[in-house]
Amino acid sequence: MPRHALLVLPSANRVYRASAPALAVAELRVLGDAVLGGRLRDAGWEQISGVPYLTFTVPDDAPLTPAELAVLGHLSVFYALFTVDAAGPLLRPVAVPPADRLDDDLVTIPKYVGKTNEQFTRLLLTATVASSAAAGRLAAGGLAVLDPLCGRGTTLSQALLAGHSAAGVDVDGKHVEAYATYLRTWLERKRLKHSATFAPVRRSGATLGRRFVAEFGATKQAFAAGDVQRVEVVHADTLRAADFFRPGSFDVVVTDAPYGVQHASRRGPGPARSPLALLEEALPVWRPLVRPGGAVGIAWNTLVAPRAELVALLAAAGLQPLDEGPYRDLEHRVDQGIVRDVVIGRLPS
């Protein structure tokens with residue numbers, strides 16, 4: 001069988017780097033099962049001349065196609081791919097199209113307390129798209145991604161990097177303003193032709209919230225022709241997301257659930273630290289916004305909410321939880337108080 005060796009992208013985050021090897025194998029297996037027809041086998045780590053590589057094999061009669069190689073380029077750990085000549089061992093470089101459609105400083109420049117590691121954010125996005133009916137379009141771009149608890153926009157920016165359009169909702173107006181200011185500045189600095197507005201949303205004489213909308217094209221000609229990516233961020237409670245977006249607007253929902261109380265809807269005597277109460281209310285709101293066959297991917301802290309309860313919430317909202325094989329291998333420690341995991345559910349087609 002042809003054997004491949006993937007040289008991984010080093011993580012800049014010390015804690016995440018310790019968890020990255022096991023997560024990389026799980027992410028590769030998710031892609032292999034969901035997008036590549038289960039043909040990737042024997043995924044694991046191997047030292048070649050003292051350097052660790054993520055290795056795997058494919059059947060002799062079913063080599064990777066150019067389109068499949070492009071999918072592998074969207075792995076959060078991808079740096080370079082080689083085929084392995086066992087007689088050497090000799091590594092032969094394999095050309096893989098770049099996954100990023102924009103400069104990656106879009107996600108690396110912002111630094112703030114509580115920022116989710118951008119490498120993990122890509123893993124969450126890639127695994128969720130790979131688990132949806134849109135999996136075949138993962139490398140092509142053009143999908144619509146919603147983060148209904150978007151904070152200061154790391155997920156939104158990762159979606160834009162991959163060539164998708166993105167939308168977000170956040171209850172903290174300062175977060176929305178910070179992202180709007182940053183993205184405008186970044187687009188201007190990169191000299192990308194764009195339009196941007198930030199204005200109240202009114203309906204029947206009432207103000208529902210504030211909305212930032214930006215559209216940009218890779219070139220002036222593309223922008224003029226309407227070939228654009230769009231990002232839309234609303235300052236509002238996530239439980240009102242349906243007031244701003246039409247049913248079936250998104251291919252996937254991807255979000256990092258709150259570890260504290262900042263996204264809670266503030267109903268009742270006071271929000272709990274667990275995200276369960278919020279997700280129990282929010283999932284029935286988010287689900288109609290996703291197209292048939294779409295997927296919802298949620299990262300959360302297992303120390304405040306057991307996995308079984310998250311899986312039950314997905315099922316109660318009419319989603320099919322993906323809870324076997326590599327989907328059970330994405331748990332990892334972030335710090336002393338956070339052990340993060342990922343749960344993904346798919347809508348019926």
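Before moving on, here are some points about what is shown:
- The alpha-carbon positions of region 41-93 define a convex hull whose volume is 95 Å³ per residue.
- Put a dot 7 Å past the Cα of Thr185, heading toward its Cβ, do the same for Arg328, and the two dots end up 4.6 nm apart.
- Lysines with Cα under 21 Å of Lys220, excluding same-chain neighbours fewer than 8 positions away: Lys190, Lys193
- Summed over the residues of region 1-149 and divided among them, the accessible surface reaches 43 Å² per residue at a probe radius of 1.4 Å.
- Placing a pseudo-label 7 Å from each Cα along the Cα-to-Cβ vector at Arg137 and Gln221 gives an inter-label distance of 2.5 nm.
- Average Cα contact separation per residue, region 190-260, under 8 Å, 6 or more apart, as relative contact order %: 24 percent
- Rel. contact order, % - alpha carbon contacts under 8 angstrom, at least six apart, the chain: 15 percent
- Per residue, the convex hull spanned by the Cα atoms of the chain measures out at 145 cubic angstrom.
- Modelled this way, with points 7 Å down the Cα-to-C-beta line, the labels at Asp103 and Asp335 are 3.0 nm from one another.
- Counting only protein heavy atoms and a probe of 1.4 Å, the accessible surface of region 139-219 is 47% carbon and sulfur.
- Theoretical FRET efficiency, 1/(1+(r/R0)^6), r = Cβ-Cβ of Asp42 and Leu9, R0 25 Å, to 0.05: 0.70
- Value at 222 nm in deg cm²/dmol, rounded to 500, when DSSP H runs of n ≥ 4 in the chain each add -39,500 (n - 2.57): -8000 deg cm²/dmol
- Spherically averaged projected area in nm², based on the convex hull that wraps the Cα atoms of region 310-349: 3.3 nm²
- For region 56-162, convex hull of alpha carbons as volume per residue, Å³: 126 Å³
- Quotient of the Cα radius of gyration of region 85-214 and 2.2 N^0.38 Å, N being its number of residues: 1.28.
- Size descriptors for region 200-349, from the alpha-carbon set: Rg then Dmax equal 17.6, 54 Å.
The values are calculated or read from the model by the stated rules, or taken from the named source; none is laboratory data. Source: prediction; values computed, not measured. Positions of Cβ are backbone-derived with ideal geometry, glycine not excepted, and every protein chain shown enters the neighbour counts. Accessible surface is based on the protein model in full, side chains and every heavy atom, while ligands, DNA and RNA are left aside. Shrake-Rupley method; radii C 1.70, N 1.55, O 1.52, S 1.80 Å.
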